[in-house]
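Student: One structure, pasted below without further comment.
The values are calculated or read from the model by the stated rules, or taken from the named source; none is laboratory data. Nothing here was measured: the structure is a model prediction, and the numbers come from that model. Virtual Cβ from ideal backbone geometry, glycine too; neighbours counted across all protein chains shown.
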Amino acid sequence: MDQKTMSLEDHGAAPRGDVAGHKGNWKSRLIHEARQFLGMFLYLYAIFGLFLLHEWTVLARYDIPFTRWGFALVTALILAKVMLVMEEFNVVRGFETRPLIYSIAYKSVVFAAVFMAFYIAEETVGGLLRGKTAVESIPSIGGGTPLGMLLALLIVSLALVPYFAFKGIGRELGEGQLRAILFHARS
């Protein structure tokens with residue numbers, strides 16, 4: 001076994017061509033990726049749903065109608081696929097030997113930045129399809145100020161921390177161990 005493969009296995013990552021121990025078995029790989037996608041989607045759907053609920057509450061205070069309920073569903077589907085691709089290509093690497101908190105924080109910020117970029121692209125394309133100009137289609141994140149955008153990035157980053165913490169700690173404990181600790185009855 002070469003050093004790179006040993007290093008990956010020591011830190012819970014699967015070597016290339018081996019997704020969670022499913023060597024070459026396309027059916028197992030498909031099931032594994034479908035489960036990963038579903039987990040990512042459900043987490044993102046819950047987070048975006050909470051953001052929309054907050055927005056609805058604030059707007060209702062001023063009697064402003066809110067109609068974007070489908071946003072959480074569509075955005076969670078798109079961004080879960082983006083997450084799956086980013087994780088498959090191990091876009092965020094280099095933290096295998098450092099404390100887990102660094103990996104969690106780094107992934108949260110990088111994925112939040114990518115999510116914001118995809119949100120801007122999604123809203124811009126949607127605006128163009130509705131007949132707006134490109135400039136009119138670009139969404140105003142956090143009020144459109146640099147500080148507002150930075151705060152939005154911080155909020156999304158913090159919202160992603162539990163997801164990456166759960167995955168990272170689970171990987172360190174061994175496949176299925178964290179899930180068993182959290183979701184099975186204790187004696």
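Student: Determine whether region 34-47 contains at least one residue that is part of a helix (DSSP H, G or I), under 17 Å from GLY126 (Cβ atoms) and out of contact with any strand residue (DSSP E or B) (no Cβ under 8 Å at 6 or more places or on another chain).
Tutor: No, region 34-47 contains no residue that is part of a helix (DSSP H, G or I), under 17 Å from GLY126 (Cβ atoms) and out of contact with any strand residue (DSSP E or B) (no Cβ under 8 Å at 6 or more places or on another chain).
Results for (1) in contact with a Pro (Cβ under 8 Å, 6 or more places away or on another chain); (2) at pLDDT below 90; (3) at positive phi; (4) among the β-branched types (Val, Ile, Thr), shown as yes or no for each residue.
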site	(1), (2), (3), (4)
VAL19	no, yes, no, yes
HIS22	no, yes, no, no
ASN25	no, yes, no, no
LEU42	no, no, no, no
GLU87	no, yes, no, no
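Student: Here is a follow-up. Being surrounded by fewer than 15 Cβ atoms within 10 Å (Cβ to Cβ) and among the basic types (Lys, Arg) is the requirement here; does ARG171 meet it?
Tutor: So ARG171 does not fit the description; no.
Student: Restricting attention to region 56-113, and to residues there that are basic (Lys, Arg) and touching a residue at least 12 places away in the same chain (Cβ under 8 Å), which single residue is nearest to VAL161 (Cα to Cα)? Before the answer, list the steps.
Tutor: Start the filter on region 56-113 by keeping residues that are basic (Lys, Arg), which leaves 61, 68, 81, 93, 98, 107.
Filter once more, keeping what is touching a residue at least 12 places away in the same chain (Cβ under 8 Å): 68, 81, 107.
Numbers: ARG68: 26, LYS81: 18, LYS107: 8 Å.
For region 56-113, the residue satisfying everything is LYS107.
Student: Another one. Taking region 40-65 only, how many residues are among the small types (Gly, Ala, Ser) and surrounded by 12 or more Cβ atoms within 10 Å (Cβ to Cβ)?
Tutor: Residues in region 40-65 being among the small types (Gly, Ala, Ser) and surrounded by 12 or more Cβ atoms within 10 Å (Cβ to Cβ): 2 in total.
Student: For region 157-169, state whether one or more residues are within 22 Å of ALA46 (Cβ to Cβ), at pLDDT below 85 and either in a helix (DSSP H, G or I) or among the small types (Gly, Ala, Ser) (or both).
Tutor: no
Student: Further question on the same structure: Taking the condition at pLDDT below 90 and under 20 Å from LEU53 (Cβ atoms), does ALA72 pass? Let's see the steps before the verdict.
Tutor: Working: at pLDDT below 90: yes; under 20 Å from LEU53 (Cβ atoms): yes.
Criteria met by ALA72.
Student: Show me the helices (runs of 4 or more DSSP H) entirely contained within region 70-149 in which 2 or more residues are touching a helix residue (DSSP H, G or I) at 6+ places or on another chain (Cβ under 8 Å), surrounded by 12 or more Cβ atoms within 10 Å (Cβ to Cβ) and charged (D, E, K, R).
Tutor: The qualifying helices (runs of 4 or more DSSP H) are 71-88, 100-129.
Student: Sticking with this one: Run GLU172 past the list (1) more than 22 Å from LEU42 (Cβ to Cβ); (2) touching a Phe, Trp or Tyr at 6+ places or on another chain (Cβ under 7 Å) and report the number of the one that doesn't hold.
Tutor: It is condition (2) that GLU172 fails.
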